[in-house]
Amino acid sequence: MTAYGILIFEGAEELDFVGPWEVFTASSMLREHADTVRLIAEHPGAVRCNKGMRVLPDHTLDDHPPLDVLLVPGGNGTRRQVSNPVLIDWIRTTAANTTWTTSVCTGALLLHEAGPARGRRVATHHLFEDTLQARGDVTVVRDARYVVDENLVTSQGVSAGIDMALWLVGRLHGRDHARAVRRYIQYEPAPPYLADEPVPA
């Protein structure tokens, strides 16, 4: 069994966590519901995300079960949460006890502040790369959808979290399984934007 914990907070970018949520829950379903995926927030009650979606966490920072995988999303809320000592301490402590620590988009900022991304190679949203690099003690990789550095997996913005999550379930449960998950969620971004294709005569 794999226990996934997805952190949410005010201003978290929706697809940063909903995309991986879809991958992890589809993976569990295809494994006869062998895994658990839980949303975790600092406080109980609805969390308003970056675009206005309101989400209810399953657990708070104090009452969740042990995790194998931690995922930290990005979004405008990271700019506030980076100064939240309760959240940062929780990320630091939790990441020390997980098999994998992951982030999407500017979630890398929180991992840097908490420590897991210090001295590591990371990916983040393209608009945030210079800002994160300027914080020091980190190498921002600018040409990869996701970056694996030992047990730390970070991804670029928003939809890149899906790619990262598929890689992770493949690492955990095999490439054939990851391919089955990709087929199930019909994630086939080719062409990436249909309007770029020539209009039929």
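For Cα Rg over 2.2 N^0.38 Å, the choices are [x] 1.13; [y] 1.00; [z] 1.07; which was calculated from the structure?
It is the one labelled [y].
Using Cα-Cα distances under 8 Å and only pairs 6 or more residues apart, what relative contact order does the chain have, in percent?
Relative contact order, the chain: 20 percent.
Between residue 68 and residue 92, take the C-beta separation as r, use R0 = 22 Å, and let me know the FRET efficiency to the nearest 0.05.
Rounded to the nearest 0.05, the efficiency is 0.80.
Using a 10 angstrom cutoff on alpha carbons, build the Gaussian network for the chain and name the most mobile of 31, 121, 92.
31
Please name whichever of 3, 133, 64 sits farthest to the positive end of the charge dipole of the chain, dipole taken about the Cα centre and charges placed at Cβ: Lys and Arg +1, Asp and Glu -1.
Toward the positive end, the furthest listed residue is 133.
Please report the antiparallel percentage of DSSP beta bridges with both residues in the chain, rounded to the nearest 5.
The antiparallel fraction comes to roughly 25 percent.
Taking all protein chains in place and a 1.4 Å probe, what share, in percent, of the accessible surface of the chain do carbon and sulfur account for?
51 percent
Starting from segment 32-133, pick out the GluC sites (Glu not before Pro) whose DSSP state is loop and whose Cβ has at most 14 other Cβ atoms within 10 Å.
Answer in residue order: 32.
Specify the residue with the greatest mean-square fluctuation among 67, 30, 39, computed from a Gaussian network of the chain linking alpha-carbon atoms under 10 Å apart.
Per the Cα network of the chain with a 10 Å cutoff, 30 tops the list.
Using heavy-atom solvent-accessible surface (probe 1.4 Å) with all chains present, what is the largest-first order of 122, 148?
These residues rank, largest area first, as 148, 122.
Could you give P(r) for segment 1-112, binned at 5 Å from zero, as whole percent values over all Cα-Cα pairs?
Answer for segment 1-112: a P(r) of 2, 13, 25, 27, 21, 9, 3, 1, 0 percent.
The values are calculated or read from the model by the stated rules, or taken from the named source; none is laboratory data. This structure is a prediction, so every number in the text was calculated from the model and none was measured. Cβ atoms come from the backbone with ideal geometry, glycine included; neighbour counts cover every protein chain shown. All accessible areas refer to the heavy atoms of the entire protein, side chains included, with ligands and DNA or RNA removed. Shrake-Rupley method; radii C 1.70, N 1.55, O 1.52, S 1.80 Å.
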